[in-house]
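First comes the structure, then the notes that go with it.
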Amino acid sequence: MTLLAALGAFTLGLLAAIGRVTIFAADTVSHFLRPPFYGREFAVALLNIGWLSLPVVGLTAIFTGAALALQIYAGGARFNAEAVVPQIVAIGMVRELGPVLVGLMIAARVTSSIAAEIATMKVTEQIDALVTLSTHPMKYLTVPRVLAALITVPLLVAVGDIIGIFGGYAVATGTLGFNASAYIRNTVDFLEPLDVISSLVKGAVFGFLAALMGCYFGMNSGRGAQGVGRATKSSVEAAAVLILAANFVLTGVFFSL
Amino acid sequence: MIQLSNVKKSFGNNHVLRGVNLDIPRGTSMVIIGGSGTGKSVALKCILGLVTHDSGTITVDGQPTGKGDRDAFLARFGMLFQGAALFDSLKVWENVAFRLRRGSLKRPKDEARDIAIEKLRRVGLTPDVADRLPAELSGGMQKRVGLARAIAAEPEIIFFDEPTTGLDPIMAGVINDLIREIVTEMGATAMTITHDMTSVRAIADNIAMLHDGKIRWTGPVADMDSADDPHLQQFITGSPDGPIEAVR
């Protein structure tokens, strides 16, 4: 009976949490098209989430693409299929590794930063101050960040895909003996528009989830340094899990149906 | 006039406000005193709508709070937060002029900056502070910037939450004097929360003591010392002996 009660309490708690996040997401989206808009905050968010994430995204992608080429070459050699390196690197980076790794790097870099910043604002009463100054915290803090992530993360994914493919190209042509022009031709010929579209859509969804989790946990932070720390940790965990779950769903939608 | 009638607020099983009744006449300075955790800040936040009260009514000039145009309602208020609550990412002048750059009180940028610098001057800060970030200022300077922000739009009602907490006695005296001067010259209605009895005597026209979720005593500051309420007398003298438990 105690076990059942615990299970019931856990289920109810989980459903309540899902409900709160869903309402928060719907509230955020509903403010996208309703003024006032805070252009300066949006521009700062574009810079922080997009431009300043480029180095970490680029480094992650190039090493992943390079390692992928080595793995495919070594694995393909077991059944004389070394020649598929360009195609598998391209499809692997564009369909899966590019969006997922960029999403996870954004969760680590951006979600944590947003959650810590907003949670600190809450603890220091800056959010209450915003309200007393006739400024809606959702419009001023959440909407610019979520909208910026929604726009910039697909672009980061596109850049990550290209750099990842270049990483594979560099290793394949530099150490594995592939012909450069043939590698590029195979890559371009093999990729389909749906691969690229799925990559960009995944980027948009992952960006939305990453920024939303940062804002949600920041806004609902507990008191003190411990509250800020817990909000930051929880936001990254939630963003990472949601990104991976969404990736599974989107992959199913794009390629299995 | 601000009027609280039988206002109650609980957080779970913690019944913070158990029926607060309080009148703050227009143009007067009311100071609310009471021990830590007695609900002073909650009462203040209920008036502003930052916290929703469970029952009872709160009216400002006869109009219930929480109804009507929220922007217009909040435009009547200014607030100095305990830790100043300045926005870290904005320059000092942008903090002061925050309300003047958006909403119903929006002004052009240059005009808003001029007003901000004038308000900074009013609280004793020089114009060169205007382009600094809050983190570059001392605690006392941050309080002054917070005060400048609270008065920037010349509100009818100003709230001060622990205005001298964390300040040395001299800076606390400066802040107390500024509050008194500003409230007097603006003709504003003021509500202050503090534990600092020096502040009480400097700022208040009237005081109210909040204890156990209710107003224990209220009256003019001149009557405070002669009041026969044992809770109030214990608080004024700071004695550990009396009806208020020292360990809570």
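The values are calculated or read from the model by the stated rules, or taken from the named source; none is laboratory data. For clarity, every value in this text was computed on a predicted model and none was experimentally measured. Note that each Cβ is placed from the backbone with ideal geometry, even for glycine, and that neighbours are counted across all protein chains shown.
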- Query: Name the pairs: first residue in the stretch A:206-232 and closer than 25 Å to A:Asn247 by Cβ, second residue of a type in the set (Asp, Glu), Cβ to Cβ under 9 Å, at least 6 apart or on different chains?
  - Reply: A:Met213/A:Glu237; A:Gly214/A:Glu117; A:Gly218/A:Glu117
- Task: Would you check if A:Met105 is surrounded by fewer than 22 Cβ atoms within 10 Å (Cβ to Cβ), of a type outside the set (Asp, Glu) and away from chain B (no Cβ under 14 Å)?
- Result: yes
- Is it fair to say B:Arg107 is more than 9 Å from every other protein chain (Cβ to nearest Cβ) and under 21 Å from B:Cys46 (Cα atoms)? no
- Message: Filter the stretch B:36-58 down to the residues that are more than 14 Å from chain A (Cβ to nearest Cβ) and closer than 18 Å to B:Met79 by Cβ and list them by number.
- Response: B:Gly39, B:Lys40, B:Ala43, B:His53, B:Ile58
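For the stretch A:111-127, how many residues are within 9 Å of chain B (Cβ to nearest Cβ) and either within 18 Å of A:Ser234 (Cα to Cα) or in contact with a strand residue (DSSP E or B) (Cβ under 8 Å, 6 or more places away or on another chain) (or both)?
Total satisfying the criteria: 3.
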- Task: Determine if the stretch B:56-63 includes at least one residue that is among the acidic types (Asp, Glu), over 16 Å from A:Thr132 (Cα atoms) and out of contact with any strand residue (DSSP E or B) (no Cβ under 6 Å at 6 or more places or on another chain).
- Result: yes
- Note on the structure: Those residues of the stretch B:195-238 which are of a type outside the set (A, V, I, L, M) and part of a strand (DSSP E or B) amount to B:Asn206, B:His211, B:Lys214, B:Arg216, B:Trp217, B:Thr218, B:Gly219, B:Pro220
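Hey, any hits in the stretch A:169-177 for a residue that's crowded, with 22+ Cβ neighbours inside 10 Å and either touching a Gly at 6+ places or on another chain (Cβ under 6 Å) or closer than 22 Å to A:Ala74 by Cβ (or both)?
Looking through the stretch A:169-177, at least one residue is crowded, with 22+ Cβ neighbours inside 10 Å and either touching a Gly at 6+ places or on another chain (Cβ under 6 Å) or closer than 22 Å to A:Ala74 by Cβ (or both).
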- Looking at (1) modelled with pLDDT of 90 or more; (2) surrounded by fewer than 17 Cβ atoms within 10 Å (Cβ to Cβ), which is the one condition that is false for B:Gly37? (1)
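Under 25 Å from B:Val31 (Cα atoms) and within 13 Å of chain A (Cβ to nearest Cβ): which single residue out of B:Glu94, B:Glu162, B:Glu154 fits that description?
The match here is B:Glu162.
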- Residues of the stretch A:129-159 satisfying the condition of being within 17 Å of A:Ala231 (Cβ to Cβ) and surrounded by 21 or more Cβ atoms within 10 Å (Cβ to Cβ): A:Leu141, A:Thr142, A:Arg145, A:Val146
- Residues within the stretch A:191-224 that are small (Gly, Ala, Ser) and more than 17 Å from A:Val29 (Cα to Cα), tallied: 7
- Given the residues A:Ala225, A:Ala246, which is the only one that is small (Gly, Ala, Ser), modelled with pLDDT of 95 or more and either within 30 Å of A:Leu47 (Cβ to Cβ) or assigned to a helix (DSSP H, G or I) (or both)? A:Ala246
- Query: Only one of (1) within 11 Å of chain A (Cβ to nearest Cβ); (2) under 26 Å from B:Lys143 (Cα atoms) fails for B:Asp69. Which number is that?
  - Reply: (2)
- Message: Against the condition within 14 Å of another protein chain (Cβ to nearest Cβ), closer than 29 Å to B:Arg121 by Cα, under 14 Å from the mean Cα position of the chain (by Cα) and in contact (Cβ under 8 Å) with a residue 40 or more places away in the chain, how does B:Phe77 come out, does it pass?
- Response: yes
- Of the numbered conditions (1) at pLDDT 90 or above; (2) among the polar types (S, T, N, Q); (3) assigned to a loop (DSSP other than H, G, I, E, B), B:Asn176 fails exactly one; give the number of that condition. (3)
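Here are some residues: A:Val57, A:Val94, A:Val89, A:Val44. Which one is within 14 Å of chain B (Cβ to nearest Cβ), in a helix (DSSP H, G or I), surrounded by 15 or more Cβ atoms within 10 Å (Cβ to Cβ) and of a type in the set (Val, Ile, Thr)?
A:Val44
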- Taking A:Leu33 as meeting all but one of (1) assigned to a helix (DSSP H, G or I); (2) within 27 Å of A:Pro154 (Cα to Cα); (3) not basic (Lys, Arg), write down the number of the exception. (1)
- Can we say B:Gly187 is surrounded by fewer than 21 Cβ atoms within 10 Å (Cβ to Cβ) and on the phi > 0 side of the Ramachandran plot? yes
- Filtering the stretch B:1-26 down to residues that are of a type outside the set (A, V, I, L, M, F, W, C) and under 14 Å from B:Ile207 (Cα atoms), which residue is farthest from the chain's Cα centre (by Cα)? B:Asn21
- Is it the case that the stretch B:135-145 has a residue that's within 19 Å of B:Val174 (Cβ to Cβ) and basic (Lys, Arg)? yes
- Task: Go through the residues of the stretch A:199-214 one by one and say whether even a single one is at pLDDT 95 or above, in contact with a Phe, Trp or Tyr (Cβ under 6 Å, 6 or more places away or on another chain) and either surrounded by 13 or more Cβ atoms within 10 Å (Cβ to Cβ) or not in a helix (DSSP H, G or I) (or both).
- Result: no
- Has the stretch B:13-29 got at least one residue that is on the phi > 0 side of the Ramachandran plot and within 14 Å of chain A (Cβ to nearest Cβ)? no
- Query: Does the stretch A:131-145 include one or more residues that are within 13 Å of chain B (Cβ to nearest Cβ) and in contact with a Gly (Cβ under 6 Å, 6 or more places away or on another chain)?
  - Reply: yes
- Residue check, A:Ala74 against (1) within 13 Å of another protein chain (Cβ to nearest Cβ); (2) part of a helix (DSSP H, G or I), all met but one. Which one? (1)
